[in-house]
1. Beta carbons within 10 angstrom, averaged per residue: use that to sort the peptides 57-66, 41-50, highest first.
2. Over the Cα atoms of the chain, what radius of gyration and what Dmax do you get, in Å?
3. First obtain the Kirkwood hydrodynamic radius of region 54-119 from its Cα pairs, then insert it into the Stokes-Einstein equation at 4 °C and 1.567 mPa s, and state the resulting D in µm² per second as a whole number.
4. Angle check, please: helix 133-148 long axis (alpha carbons) against the longest principal axis of the chain (alpha carbons), in degrees 0 to 90, nearest 10.
5. Expressed as an acute angle from 0 to 90° and rounded to the nearest 10, what is the orientation of the C-alpha long axis of helix 90-100 relative to the principal long axis of the chain?
6. Can you give the convex hull volume per residue for the Cα atoms of region 1-64, as a whole number of Å³?
Ligand code: RB5
C-alpha cells in the first residue's frame, strides 16, 4: 500500500519510528516531512501535504501526526476526498476504516507513546472498508455533504 506520513513539531518525535514500522511491513512510504524538528512549524501545512497525496493518488492512506491529533484532523478534513479520524484506541483505528472508510489516521504524539501508536497504525493499515450496504449509504451521505459545501 502507498502510505504518506507527515508530522509537525508536536508529532515529530514518533514519525520516524512509525515510518520504519510501515516500511518493515512492506508498505511504500512517502515521508512528507518535517524532515527535521522545526519548533515553529504549523500542522495545517502537513495536513495539506497529506491531503494532496490522497487527492492525486500518490497515497492510498495517510498518517498525520501533531501534538494532540486534533488540529491535524480538523485541517485534514477540510480537504475534499479526505476522511481523517483521530483514533487513540484500537477499536476506532480499524472500525474507522471498516465502517467509515477513513483514509487518514491522525495521532497525537503528546497523548500516546510509540507502543500504542504502533498498534494503532497496524490496525489502521490492515483494516479494509467492508462496503456493506449501510456503510456505503452513510459514506455516500458524507460525500454529499462535502459536495454541497
Ligand atoms: C503544536 O504546538 C500543537 O498545537 C499541534 O501539534 C497540535 O497539537 C494541534 O492540534
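Read-outs throughout are calculated quantities, based only on the coordinates presented, and are distinct from any laboratory measurement. These figures come from a predicted structure and were not determined experimentally. Neighbour counts are summed over all protein chains in view; Cβ atoms, including those assigned to glycine, are modelled from backbone coordinates with ideal geometry.
1. Packing order, densest peptide first, comes out as 57-66, 41-50.
2. So, for the chain, Rg and Dmax equal 14.2, 45 Å respectively.
3. Reported coefficient: 109 µm²/s.
4. With both axes taken from Cα atoms, the answer is about 70 degrees.
5. Result, in degrees: 40.
6. About 59 Å³ per residue, rounded to a whole number.
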